[in-house]
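Please read the structure below before turning to the comments.
The values are calculated or read from the model by the stated rules, or taken from the named source; none is laboratory data. Predicted model only: the values in this text are computed from it and were never measured. Because the Cβ atoms are built from the backbone with ideal geometry, glycine has one as well, and the counts that use them run over all protein chains shown. Each accessible area value is taken on the protein alone, full model and side chains, heavy atoms only, with ligands, DNA and RNA left out. Shrake-Rupley method; radii C 1.70, N 1.55, O 1.52, S 1.80 Å.
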Amino acid sequence: MRLGWEPGQPALSADTVGAAAPVKRGLVSGATVLPEITEAPPAPRKLWKHPAFIVSMITTLIAVGVAVTLIIMTALAEGPPRVTGLDITAGSGGVALSWNGPDVPYDVFVVSDGTDGTDVLDVSQAVRGRDIWMPRAFGYYDDASCFVVRASSLDGDVSLAAEALDEQGAASVCMTDADE
């Protein structure tokens, strides 16, 4: 076995004294471990990946959805709130009206023949939900009076004509129809 013949080791034998020592490699190599990073030009972002574009598309879709919903609701709308099932009950002390309809405020008008034509009296302050009770002592009505009930949101003339009542979603009843 020969000692000292491995590369980088000093020779131990005398006969190799004049031989040149092998060249030892340094601890630091000339090659770099990691390559140099060069600044890459930024890649252009596609339009649909921009946050502003995404937000604007979401708001556009919401606006289109609201518009379509409003158009459908307008097309399917039935017009003004309708009064149905108007009932009158007369007693010795007054008259009571009750009706059915959506949960909206209602106006009640007393229509009677006056000296100068038809008199219309608004008694809406006595309405409680879908009912009203009017005492006879107040003199709001007589035995020939009629009552018109319609939603408070409607404007226009109060009339007993069938087409005007239908257009306004109103209903009418007269004292002659009253249940005792």
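The table that follows gives values for the structure above.
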read-out: Residue within segment 111-134 that is farther than 16 Å from SER92 by Cα, of a type outside the set (D, E, K, R) and touching a residue at least 60 places away in the same chain (Cβ under 8 Å) present; value: yes
read-out: Verdict on LEU34 being out of contact with any helix residue (DSSP H, G or I) (no Cβ under 7 Å at 6 or more places or on another chain), outside any loop (DSSP other than H, G, I, E, B), modelled with pLDDT of 70 or more and open to solvent by 80 Å² or more (accessible area, probe 1.4 Å); value: no
read-out: Search result, residues across segment 41-55 that are basic (Lys, Arg) and surrounded by 10 or more Cβ atoms within 10 Å (Cβ to Cβ); value: ARG45
read-out: Condition met for LEU86 (in a helix (DSSP H, G or I), surrounded by 18 or more Cβ atoms within 10 Å (Cβ to Cβ) and under 37 Å from the mean Cα position of the chain (by Cα)); value: no
read-out: Among the candidates SER98, SER92, residue that is surrounded by fewer than 18 Cβ atoms within 10 Å (Cβ to Cβ), modelled with pLDDT of 90 or more and either under 40 Å from the mean Cα position of the chain (by Cα) or outside any strand (DSSP E or B) (or both); value: SER98
